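Some notes on the structure that comes next.
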Amino acid sequence: MTVQGWTLILLYTALVVVLAKPMGMWLFALYEGRETPLHRVLGPVERGFYRLAGIDPNAEQGWRRYALHMLLFQLVVLLFTYAVLRLQAVLPLNPRGLAAIGADGAMNTAISFTTNTNWQWYSGEVALSNFSQMVGLVIHNFLSAATGIAIAFALFRGFARREAGTLGNFWADCTRVTLYLLLPLCVIYALFLVASGVPQTLASTIDATTLEGVKQTIAVGPVASQEAIKMLGTNGGGFFNANSAHPFENPTALVNFVQMLSIFALGAGLTWCFGKAVGNTRQGWAILAAMMVLFLAGAGVTYWQEASGNPVLHHFGVAGGNMEGKEVRFGVAASALFSVVTTAASCGAVNAMHDSFTALGGMIPLLNIQLGEVVVGGVGAGIYGFLLFAMLAVFVAGLMVGRTPEYVGKKIEARDVKLAVLAIAVLPLCILGLTALSAVLPDGLAGPLNKGPHGFSEILYAFSSGTGNNGSAFAGLTAGTPFYNGLLSVAMWIGRFFMIVPVLAIAGNLAAKKYTPETAGSFPTTGPLWVGLLIAVILIVGGLTFLPSLALGPIADHLAMVSGQLF
Amino acid sequence: MTTPSSIFSAKLVVPAIGDAFRKLDPRELVKNPVLFTTAVVASLLTVLLVIGGEPLPLGFQMQLIVWLWLTVLFGTFAEALAEGRGRAQAASLRAAKSELTARLPDGRMVPASRLKRGDIVVVETGDLIPADGEVIEGVASVNEAAITGESAPVIREAGGDRSAVTAGTRVISDSIRVRVTQEPGQGFLDRMIALVEGAERQKTPNEIALTILLVGLTIIFLIAVGTIPAFAHYAGGMIPVAILAALLITLIPTTIAALLSAIGIAGMDRLVRFNVLAKSGRAVEAAGDVDVLLLDKTGTITVGDRQASEFRPVPGVSVNALAEAALLASLADETPEGRSIVVLARDKFGVTRVALPEGAEVIPFTAQTRLSGLKSPLGIVQKGAVDAVLRANPAAPVASELRRMAEEIARSGQTPLAVAQDGRLLGVVALKDVIKAGVRERFAQLRRMGIRTVMITGDNPLTAASIAAEAGVDDFLAEATPEDKLALIRKEQQGGRLVAMCGDGTNDAPALAQADVGVAMNTGTQAAREAGNMVDLDSDPTKLIEIVGLGKQLLMTRGALTTFSVANDVAKYFAIIPAMFVALYPGLGVLNVMRLSSPESAILSAIIFNALIIPALVPLALKGVTYRPMAAGPLLARNLAVYGLGGLVAPFVGIKLIDLAVAGLHFA
């Protein structure tokens, strides 16, 4: 490890914390439906959309209606993307004449992008036309991110409102977040990327002649516009197969740093927005503090492991850190940091191949996902996942102050506990259940590239990534088969919507409750004690469940490596 | 009441062991899903042992099965023990109730069980009152020791706020007619028996929520353990069912699940021992959540009686003259206020008279005149409410001066009494409320706990404000009518706060019913006792504060043991995971951080620890965790250190010690 490496990690953390408030303020304005300076320009567009769709943005919706409209919307855009992929061959902007995508693959990709997972079983530059990328996929990058934030807003309202029957309007939340936040930010972001050398063109290939006189076809396309929302909306689906390891997606060290920052920017902002929404910004800071402690611990372990390298290779005289699967441009620290950021959030973009990390270095990204991606997490999804754990923490330990557990003024009662447990239990059920299935069925066993515990890690990672809506791959796994396409589609769908619906039900339940004013006798949910408790509950309830699987995967892998055996 | 001194006295433990087995009935056990799961797993292993096929040593399997069954039995035992304690108390109550007979107005005797609501009975000296009811005629002194444990008799009389009588109590003088107010089997005593026995126990909202959490954790761990065979299969091995079962049972929250109902029963029981009857467990929990305490001034904040503190003469009258007159007017006054005037005059102003003057005639206090005094050869002296004395002496000069002085006294929180002699106004006596010793500190303590105190008084706002300031309450309600009280409770509840109050009169009933915790005084009317959700058998309004403490203690005990139980899992993982997987990947032996002697011993030690921790924590569950009134922050820090950190560390130590024993004795 180097001072430079640690400086990078600490500087990054500091900037995330600095970004939390300004991003939070912006989000809070949208949460409240307040006028922003952008309204003067974009206001007519917003109203135009509503008129076109016949929507009254001020019509408040109860949780059931909010959930129903959200689900219908997801279904429609999902089918749209499925159709685009299936009809790719006859649709425009396909100069290379790429064929249509198969049914299982198209369904997998449509679900993958709808659920903000962006798991890619295909290579974007080989399989997809510019039309498919721009129209079929990128709309999801915006809409799935906006949906996540809308759900978070609905949950915030559940905590903030008193004896209310409604949670806001899904269409208004989704439209405002897209129009006043994601689009303007992405325009600026994309321009910065273009200036840094990221291609933005409707052409799909460039023919070049190399110094040796060989003719080369280089894939290009509308990369910058996709790249911006890919990071900001924690989507992670790359234009190219190599994702952010590709020089066209991630050309410079500065772009790399900005990409990492943009992954956490909205997630961190949402913690502040939550605090503001419930009337005490310290509530938000406490959450961000717990997230940052978990993040730094993870980043520390991965960086340490990657910098330590592989003792077996050291034996052969290969000194230094583990450089397998990493871009030399980025080196150990920036790759380790990127991997932890992208999995802590549910982004899934990668600038190095996680499969090639050391066993423990690669375990942290895996664990990050398994914890439910609550360390900042996906836009919206991170904070609502985290709030589930907060409710659980309050419930387990809250009684110890001699009162019925309360969180930010709302009593946590039987129904809330039931729904929170339901939402949290979906993760292990899906991740462990589907991994178990794949670990015994021949179709599943055909997937992993490597033998032994490392191969097991590859399967485990795939289902963790799918269920957690992360989308990053441990590579190594041949996932483009009907078996994996099908099971991963199930994982992604369940991981997203079997969590969102209970979350909305909780929001509805909380909104209807009375507000309990905070007193000296209330359970304190702002100080260091609370931060520590949150971390403990996340690790014990969220993490320990996966210990057996981790023991048989990365931990066994690591111990074998230490004793000189590689897989 | 019989009060078993030791939790583990043989008188209670022996029957509890029998009950522990009886509670293995699946229909009974299914109410506790975690223990039910444990029993199912234990049964499964028992069957597997019989049919054979597990690749494990027979002795090891048998030990495992024994400990699993013991885990279930310890859980049912904890509940049985808690119930047994209540039943011992119920037995003495039932004895009082069994042979009640009633005397009807026509002289016939009928068994009390035949009495219906509305029947009239006559109870004479020495009789036991046959049913709950209301005195409609007569006055009697009644010994209520059977329910309160207090042997000093109390007065029960028709009309007013002391008309309720309870079945099983004894009339020791006079005769009364009582109208029965309860249907048979639903009387106060019946409900009390049912309550302390736990027969009618329903899960409280909080227990339900906690049970859901425990079921949720059980499901999550079922998933975690249920997928292991597939993972092991991938690694080319097989994990015996017995070992998976051991991991599952140690991970699911058996400890808190086993103790949960015992904690609830014991909490109610503590309240009963404190001579407070809660009509539901819900009320006890609400007590822990209380944000606002409405406290009656008299008896709770101040000692019941006011005391003379000062003589203030009008200009032209000497203090001694006023003291002399006030003493004369009070010599025949037997009220504590009157006596305090005599004491003040004698001690501070040297007035020496001790006996009534010859030929004196007492002017008694009546509600109409609102003054009292003495007519004697020395003249007529009067003392009473300022308005009343002024009205009786309309021609007196200096009336405005007297009125001004009276107002000043009222503003300082005291009550003025005017004194007149032969139509001449002499001055004012100030009567002071005496704040009870220590209440100020208690209110400060409550404030630190986040509980607001509101003093309820019939005094005027000036007096009330001054007493409130002196006693250190946060707020007060002056000239309070029952409607005001009700309105105040509603207003606080609107703001999301939970309110506790106590009361005794019929006109308190609506407020008692509205309050989240309404403690009715046992001396109060039947209406009040029906309206409240608790009854204080000692009729001591200060107990409201302790009731809040008991509610908090109940919730804290539950939280502490839940936290302890969940934190325990870390060590259990580290005991069993390496033991389970070391055959697949020998390297995983490094996870055996406790250096347990063998995989079998590690698994056995974890399961033994998991079982033994239940009886080890039974005393804590029954007694409740130590409760100290303090703010939530420090309280949480303390409890997290003890039960959170303790819960992390204790099983590491415990499992290691058990492993040393298991290995030393060659059990595995």
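The values are calculated or read from the model by the stated rules, or taken from the named source; none is laboratory data. Bear in mind that the values here come from a model prediction, so they are computed numbers and not experimental data. FYI the Cβ positions are ideal-geometry reconstructions off the backbone, even for glycines, and counts take in every protein chain you see. Just so you know, the surface numbers come from the protein's heavy atoms only, side chains and all, with ligands and any DNA or RNA stripped out. Shrake-Rupley method; radii C 1.70, N 1.55, O 1.52, S 1.80 Å.
Dipole orientation for the protein assembly as shown: of the candidates A:Leu193, A:Thr2, A:Thr526, A:Leu193 has the Cα lying most toward the positive pole (charges on Cβ; Lys, Arg +1; Asp, Glu -1).
Computed from Cα positions, the angle between helix B:399-411 and the longest principal axis of chain B comes to roughly 10 degrees. Annotation: lysines with alpha-carbon distance below 26 angstrom to A:Lys230 (same-chain offsets under eight excluded): A:Lys21, A:Lys326.
Between B:Asp347 and B:Arg103, the FRET efficiency from the beta-carbon distance, with R0 = 45 Å, is close to 0.25. Taking label points 7 Å from Cα along the Cα-to-Cβ direction, A:Ala83 and A:Thr2 give a separation of 5.3 nm.
Using θ = phi - 60° in the Karplus curve 6.51 cos²θ - 1.76 cosθ + 1.60, the 3J(HN,Hα) couplings for the stretch A:316-325 round to 8, x, 7, 7, x, x, 7, 9, 4, x Hz; x is entered for Gly and Pro. Any chance you could check the Cα centroid distance between the stretch B:400-474 and the stretch B:529-606 for me, in angstrom? When both Cα centres are located, 51 Å separates them.
Taking every residue in B:400-407 and counting other chain Cβ atoms within 10 Å of its Cβ, the average works out to 0. For the chain pair B and A, the interface hides roughly 4900 square angstrom of accessible area in total, found with a 1.4 Å probe. In chain B, a dipole from Cβ-located charges (positive for Lys and Arg, negative for Asp and Glu) runs towards its positive end, and of B:Thr453, B:Ser330, B:Ile614 it is B:Ile614 whose Cα lies farthest in that direction.
Measuring heavy-atom accessible area with a 1.4 angstrom probe and counting protein chains only, the residues of the stretch A:391-422 that give up at least 40 Å² relative to the chain alone are A:Phe395, A:Val396, A:Leu399, A:Met400, A:Val401, A:Gly402, A:Arg403, A:Thr404, A:Ala414, A:Val421. For chain B, relative contact order (Cα pairs under 8 Å, six or more residues apart, normalised by length) works out to 14 percent. A simple charge model with +1 on the Cβ of Lys and Arg, -1 on the Cβ of Asp and Glu and nothing else charged puts the dipole of chain A at about 1480 debye relative to its Cα centre. Centre-to-centre, using Cα atoms only, the stretch B:153-174 and the stretch A:213-271 are separated by 86 Å. When all protein chains stay in place and ligands, DNA and RNA are ignored, the 1.4 Å accessible-area order of A:Phe131, A:Phe567, A:Phe498, largest first, is A:Phe498, A:Phe567, A:Phe131. Given +1 at the Cβ of Lys and Arg, -1 at the Cβ of Asp and Glu and no other charges, the dipole of the stretch A:380-563 around its Cα centre is 500 debye to the nearest 20.
For a quick check of your reading of the filter: which GluC sites (Glu not before Pro) in the stretch B:330-414 sit in a DSSP loop and have no more than 13 other Cβ atoms within 10 Å?
Here the sparse-neighbourhood loop sites are B:Glu334, B:Glu358.
Residues in the stretch A:358-375 carry Karplus couplings, in order, of 4, 4, 6, x, x, 6, 5, x, 4, 5, 3, 5, 5, 5, x, 6, 9, 8 Hz; the curve used is 6.51 cos²θ - 1.76 cosθ + 1.60 with θ = phi - 60°, and Gly or Pro positions show x.
Using R₀ = 30 Å, calculate the FRET efficiency as 1/(1 + (r/R₀)^6) where r is the Cβ-Cβ separation of A:Asp443 and A:Leu68; round to 0.05. Please report the intermediate quantities before stating the final value.
Values: r = 36 Å, r/R0 = 1.18.
Efficiency at R0 = 30 Å is approximately 0.25.
What FRET efficiency comes out for B:Lys375 versus B:Ala465 if R0 is 45 angstrom and r is the Cβ-Cβ distance? Round to the nearest 0.05. Spell out each step's value before the answer.
Working: r = 38 Å, r/R0 = 0.85.
Once the sixth-power term is evaluated, E becomes 0.75.
Identify the residues of the stretch A:82-109 with backbone N under 19 Å of a label point that sits 7 angstrom from the Cα of A:Ala203 along the Cα-to-Cβ direction, or state none. It comes to A:93-98, nothing else. Each of A:Trp304 and B:Ile172 was given a label point 7 Å from its Cα along the Cα-to-Cβ line. The distance between the two points is 7.5 nm. A:Trp171 sits with roughly 60 Å² accessible to a 1.4 Å probe, with DNA, RNA and ligands left out of the calculation. Taking amide hydrogens as placed 1.01 Å from N in the peptide plane, the amide H of B:Val434 sits under 5 Å from those of B:Val303, B:Gln307, each at least 5 positions away in sequence or on another chain.
Kindly sort B:Arg558, B:Arg490 by accessible area of their heavy atoms, largest first, with the probe set to 1.4 Å. Present the calculation step by step, with values, prior to reporting the outcome.
Details: B:Arg558 0, B:Arg490 120 Å².
Correct descending sequence by accessible area is B:Arg490, B:Arg558.
Straight-line cross-link partners of B:Lys552 among the aspartates and glutamates, defined as a Cα under 19 Å from its Cα and at least 8 positions apart when in the same chain: A:Glu406, A:Glu413, A:Glu518, B:Glu207, B:Asp269, B:Glu285, B:Asp289, B:Asp291, B:Asp516, B:Asp536. Exceedance of the 19 Å cut-off in Cα-Cα distance is limited, within the set B:Lys279/B:Lys485; B:Lys116/B:Lys279; B:Lys203/B:Lys572; B:Lys297/B:Lys432; A:Lys418/A:Lys513, to B:Lys279/B:Lys485; B:Lys116/B:Lys279; B:Lys203/B:Lys572.
Averaging Cα coordinates gives a centre for the stretch A:2-53 and one for the stretch A:364-436; these two points are 25 Å apart. If you sort A:Glu46, B:Glu470, A:Glu35 by accessible surface, 1.4 Å probe, largest first, the order is A:Glu35, B:Glu470, A:Glu46. Here's the picture: a label point sits 7 Å out from the Cα of B:Thr335 along the beta-carbon direction, and within the stretch B:419-436 the residues with their amide nitrogen under 13 Å of it are B:431-432.
Peptide B:636-645 has a mean shielding of 4, counted as Cβ atoms of other protein chains within 10 Å of each residue's Cβ. Relative to the dominant Cα principal axis of chain B, helix B:10-22 is inclined by about 50°.
So how exposed is A:His354, as accessible area in Å² (1.4 Å probe, rounded to 10)? The accessible area comes out at roughly 0 Å².
What is the helix-to-structure angle for B:58-98, meaning the angle in degrees between its Cα long axis and the longest Cα principal axis of chain B, kept from 0 to 90 and rounded to the nearest 10? Compared with the principal axis, the helix lies near 20 degrees. Among the aspartates and glutamates, select those whose C-alpha is under 18 Å from the C-alpha of B:Lys656, and discard any that sit fewer than 8 residues away in the same chain. Partners within reach: B:Asp569, B:Glu600. Of the residues B:Leu210, A:Ser346, A:Ile218, the one whose Cα sits farthest towards the positive end of the charge dipole of the protein assembly as shown is A:Ile218 (charges of +1 on Lys and Arg Cβ, -1 on Asp and Glu Cβ, taken about the Cα centre).
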